[in-house]
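J.: Got a structure here, written out as structure tokens. Questions coming.
The values are calculated or read from the model by the stated rules, or taken from the named source; none is laboratory data. Just so we're clear, the structure is a prediction, and the values are computed from it rather than from any experiment. Note that each Cβ is placed from the backbone with ideal geometry, even for glycine, and that neighbours are counted across all protein chains shown.
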Amino acid sequence: MKQKIATVILIVIVLWIVLFPRGEETHTIDLEATPLTIIQVEIIGAVEFPGTYHFFKEVSIGDALLLAGKLLEDADMSMIMRSEVITRNRQIFIPSLNQDVEEPKVLVNVNLASFKELITIPGMTETRAASLIIYREAHGDFLHVDELINVKNIGISTLEKIKPYIKLG
């Protein structure tokens, strides 16, 4: 009788293991969501549909121009490099051969601009941009454009060159 009970218990244990196996441990990986960056490209000038277009990744100027429709017959594409990649907010001006319109200036906020943005300012060298960032971090935001004269490597003539391309807020 003891032998039968032991056999039944053994069979129950084997069946329990076979029918109800241990659950596998599941490992979860917590991936942070990457922030979605939107690049705004304003296309103006001699295009069929001028306006602001939004992209979720880097795009070439040629691809951005496709969204603006056809170029007008008098569009001057001599200064436009279609293969250039747009990585941040930007304005693209397509000049007309029939008009002598000066290209609109994109103003750079010197209180918020990164190094890459600062060196896009005509007359701003890498040394000046680095000095500006160092000064800005040490003394805080600029309250007036003339305060840039206090930045190392920016003199009166340099300030006059870059003034049309900068803003404070």
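J.: Any idea which of 120, 127, 158 is of a type in the set (Ser, Thr, Tyr), within 24 Å of the chain's Cα centre (by Cα) and not in a loop (DSSP other than H, G, I, E, B)?
T.: After ruling out the rest, the residue left standing is 127.
For every residue, the table says whether it meets (1) exposed (fewer than 10 other Cβ atoms within 10 Å of the Cβ); (2) more than 20 Å from residue 81 (Cα to Cα).
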| site | (1), (2) |
| --- | --- |
| 10 | no, yes |
| 25 | yes, yes |
| 50 | no, no |
| 64 | no, no |
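J.: A follow-up question, please. Search the range 122-139 for residues being crowded, with 18+ Cβ neighbours inside 10 Å and of a type in the set (A, V, I, L, M), and hand back the single one that is nearest to residue 161 (Cα to Cα).
T.: 124
J.: Also: On the basis of being under 26 Å from residue 58 (Cβ atoms), modelled with pLDDT of 90 or more and part of a helix (DSSP H, G or I), does residue 133 make the cut?
T.: Yes: the conditions hold for residue 133.
J.: Still on this model: Could you look through the range 144-169, keep only residues that are surrounded by fewer than 13 Cβ atoms within 10 Å (Cβ to Cβ) and among the aliphatic types (A, V, I, L, M), and pick out the one that is farthest from residue 129 (Cα to Cα)?
T.: For the range 144-169, the residue satisfying everything is 156.
J.: Out of 18, 8, 41, report the one residue that is more than 30 Å from residue 73 (Cα to Cα), out of contact with any Gly (no Cβ under 7 Å at 6 or more places or on another chain), modelled with pLDDT of 85 or more and of a type outside the set (D, E, K, R).
T.: The match here is 8.
J.: Another question, then. Just wondering, is there one or more residues in the range 26-37 that are among the β-branched types (Val, Ile, Thr), out of contact with any Lys or Arg (no Cβ under 7 Å at 6 or more places or on another chain) and within 27 Å of residue 168 (Cα to Cα)?
T.: Yes, the range 26-37 contains at least one residue that is among the β-branched types (Val, Ile, Thr), out of contact with any Lys or Arg (no Cβ under 7 Å at 6 or more places or on another chain) and within 27 Å of residue 168 (Cα to Cα).
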